[in-house]
Amino acid sequence: MKLQCTWIVRGLLVCSLLFAGIFLTGCSLFSSTPEFSDTNTPPPATDTNVAHFHFGDTVTVTFADILDQLPVHEEAIKEDGTITLPIIGKVLAVGKTAGELQNEIHDLYVPKYYTHLTVTVDTGERVYYVSGEVKVPGSQLYRSGTTVSQGITAAGGFTDFAKHSNVVIIRASNHQQIKVNVDKVLKGKAEDPTVYPGDQIVVARRLW
């Protein structure tokens, strides 16, 4: 009788262990495989091509939702990279997007000068200029990353009388003049300067 009870106890112990093992394995399976997985969720989209303000850009700032209405402020970015606004004075604009500049201007006015204010920042059409010995001289719509050689191509390319080694870019920000040898640029032997809004590309005429 004693032996029979021992076997019964052992049987119950084995069954308990087996049940516990099955229960733990099931929990492990469920916990390691979530119902919803975000491993394939794409990262939030970022726009790396958002335009940033450059020297010479015209910035238009509009104010709204205040009793003492401020006039619309339109100004080209100065050589020090700033614009000067009513009451708050100079604000750095170069290198910022319209949204960033808009938020900064708002925070400079509110709450120090106004309890509520809506600020809108915009820029006009941005262009650069190509003159001299190109087939289509005049203004060209600015695109971020444009270089001198690309600007000349956008203006129809050189005329037959162009001096490829004597191209000058004049900076709108500080009137600095940079001489460019486009023949060397195309051969990879010289730098191809970036063009900014308001800059002028001047192509000289050869003597013979």
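The values are calculated or read from the model by the stated rules, or taken from the named source; none is laboratory data. What you see is a predicted model; the values in this text were computed from it and never measured. Cβ atoms come from the backbone with ideal geometry, glycine included; neighbour counts cover every protein chain shown.
Yes or no: SER149 touching a Gly at 6+ places or on another chain (Cβ under 8 Å), among the small types (Gly, Ala, Ser) and surrounded by 13 or more Cβ atoms within 10 Å (Cβ to Cβ)?
no
VAL195 - would you say it is among the β-branched types (Val, Ile, Thr), at pLDDT below 95, over 13 Å from GLU133 (Cα atoms) and in contact with a helix residue (DSSP H, G or I) (Cβ under 8 Å, 6 or more places away or on another chain)?
Taking the combined requirement at face value, the residue satisfies it.
Has region 170-179 got at least one residue that is outside any strand (DSSP E or B) and without any contact (Cβ under 8 Å) to a residue 60 or more places away in the chain?
yes
So how many residues does region 173-192 have that are closer than 17 Å to SER131 by Cα, crowded, with 16+ Cβ neighbours inside 10 Å and either hydroxyl-bearing (Ser, Thr, Tyr) or within 29 Å of the chain's Cα centre (by Cα) (or both)?
Total satisfying the criteria: 2.
Can you tell me which residues in region 156-169 are in contact (Cβ under 8 Å) with a residue 24 or more places away in the chain and either among the charged types (D, E, K, R) or within 21 Å of GLY124 (Cα to Cα) (or both)?
LYS163
For region 85-142, name all the residues that are β-branched (Val, Ile, Thr) and without any contact (Cβ under 8 Å) to a residue 12 or more places away in the chain.
Listed by number, the residues that qualify are VAL110, THR115.
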